[in-house]
Amino acid sequence: MKVTVLIPAAGTGRRMGGSVSKQYLELAGKPILAHTLTLFENHPLIENIYPIVPPGDISYCQRQIIDCYGFSKVRRVIAGGINRQDSVRNGLNALVEDGFDQPQRPILIHDGARPLFDCKRLSALIEVVRKTGACTIGVPVKDTIKDVVNSRITGSPDRSRLWQAQTPQGFQYRLIREAFDRADADGFIATDDASLLERLGHPVQMLEGDYRNIKVTTPEDILIAVALLGGPP
């Protein structure tokens, strides 16, 4: 069974400034979202892709990104929700509507603003998802981390156990669906999808990625991404 990819890209990018959402900003000659979609378009194990964008952007994204760059694996563009979790839920609902909700189907969820993921790691990630049900990409933290309350340090976690979560994060459909349904029932909001499985007690494997896989969030990130791509902005 091949793989489905959900790409939440429904944020407004307030920290970026300007009037253009960050996923449409140009990076080395084409929009950030187009770079991200290319990572999955060219992989043989990927069957279909669902970009998830602000509701008012669906036509624009279809015309200026999907059609313009010829992404044949994009099944359709989905309207996002109020927050990231709402957007991913909308994507999961679309899989039910389109018949891609088989219990064992690997579902990858990848931030639309992470255009530099090394897609050579995709096959390994998918294999772990098929074997264990859940896996995320991440990297060990480099800096010392402090717990801080009211501007005072309350502790220093053991750095050897700390990893920075990235995306893609991958799950068998039945597990991520259960995790989202339970979160909805409990009113729980998480900052990443793996957290939803963690709270159910389901183990999530960590697969080491690389530090190039940055999330483009601020103007400084654009400069870093350009340098990593080795081209002009």
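The values are calculated or read from the model by the stated rules, or taken from the named source; none is laboratory data. Note that this is a predicted model, so its numbers are computed, not measured. Cβ atoms come from the backbone with ideal geometry, glycine included; neighbour counts cover every protein chain shown.
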Task: Extreme residue, farthest from P168 (Cα to Cα), among residues of the range 40-65 that are surrounded by 22 or more Cβ atoms within 10 Å (Cβ to Cβ) and of a type in the set (V, I, T) - done: I65
- [ ] Report whether or not Y211 is under 24 Å from R114 (Cα atoms), surrounded by fewer than 15 Cβ atoms within 10 Å (Cβ to Cβ) and touching a residue at least 40 places away in the same chain (Cβ under 8 Å).
- [x] yes
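For the range 95-115, enumerate the residues that are more than 12 Å from the chain's Cα centre (by Cα) and either free of Cβ contacts under 8 Å to residues at least 60 places away in the same chain or within 26 Å of G230 (Cβ to Cβ) (or both).
We begin by selecting, within the range 95-115, every residue more than 12 Å from the chain's Cα centre (by Cα); these are 95-106.
Correct list: V96, E97, D98, G99.
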Task: Hey, T191 outside any strand (DSSP E or B), touching a residue at least 12 places away in the same chain (Cβ under 8 Å), closer than 19 Å to Q85 by Cα and polar (S, T, N, Q) or not - done: yes
Task: Qualifying positions in the range 136-159 - over 16 Å from F40 (Cβ atoms) and surrounded by 12 or more Cβ atoms within 10 Å (Cβ to Cβ) - done: T136, G138, V139, P140, V141, I145, P157, R159
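Has the range 139-146 got at least one residue that is touching a Gly at 6+ places or on another chain (Cβ under 6 Å), hydrophobic (A, V, I, L, M, F, W, C) and assigned to a strand (DSSP E or B)?
Our first condition is that a residue be touching a Gly at 6+ places or on another chain (Cβ under 6 Å); within the range 139-146, this holds for 139.
Filter again for hydrophobic (A, V, I, L, M, F, W, C), leaving 139.
Now drop any that are not assigned to a strand (DSSP E or B), which leaves 139.
Looking through the range 139-146, at least one residue is touching a Gly at 6+ places or on another chain (Cβ under 6 Å), hydrophobic (A, V, I, L, M, F, W, C) and assigned to a strand (DSSP E or B).
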Task: Residue within the range 91-109 that is part of a helix (DSSP H, G or I), among the small types (G, A, S) and closer than 28 Å to Q205 by Cα present - done: yes
Task: Number of positions in the range 3-26 that are modelled with pLDDT under 95 and not in a loop (DSSP other than H, G, I, E, B) - done: 7
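Filter the range 214-233 for residues that are loosely packed, with under 13 Cβ neighbours inside 10 Å and assigned to a helix (DSSP H, G or I) and give the result. Outline the logic, then answer.
Taking the range 214-233 and keeping what is loosely packed, with under 13 Cβ neighbours inside 10 Å, we get 220, 223, 227, 230-232.
Within the range 214-233, E220, L223, A227 qualify.
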TODO: Kindly indicate which of L197, L207 is at pLDDT 95 or above, assigned to a helix (DSSP H, G or I), within 19 Å of the chain's Cα centre (by Cα) and not charged (D, E, K, R).
DONE: L197
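How many residues are in a helix (DSSP H, G or I) and buried (at least 23 other Cβ atoms within 10 Å of the Cβ) if we restrict to the range 160-179? Steps first, please.
So the first thing to find is which residues in the range 160-179 are in a helix (DSSP H, G or I), and the list is 160-161, 173-179.
Imposing the further condition that a residue be buried (at least 23 other Cβ atoms within 10 Å of the Cβ) reduces the set to 176, 179.
Qualifying residue count, the range 160-179: 2.
Can you tell me which residue is surrounded by the fewest Cβ atoms within 10 Å (Cβ to Cβ) among those in the range 80-94 that are of a type outside the set (S, T, N, Q) and without any contact (Cβ under 8 Å) to a residue 40 or more places away in the chain? Walk me through how you get there before you give the answer.
Filtering the range 80-94 down to residues of a type outside the set (S, T, N, Q) leaves 80-82, 84, 86, 88-89, 91-92, 94.
If we keep only those that are without any contact (Cβ under 8 Å) to a residue 40 or more places away in the chain too, we end up with 82, 86.
On the way: I82: 8, D86: 15.
Here the residue is I82.
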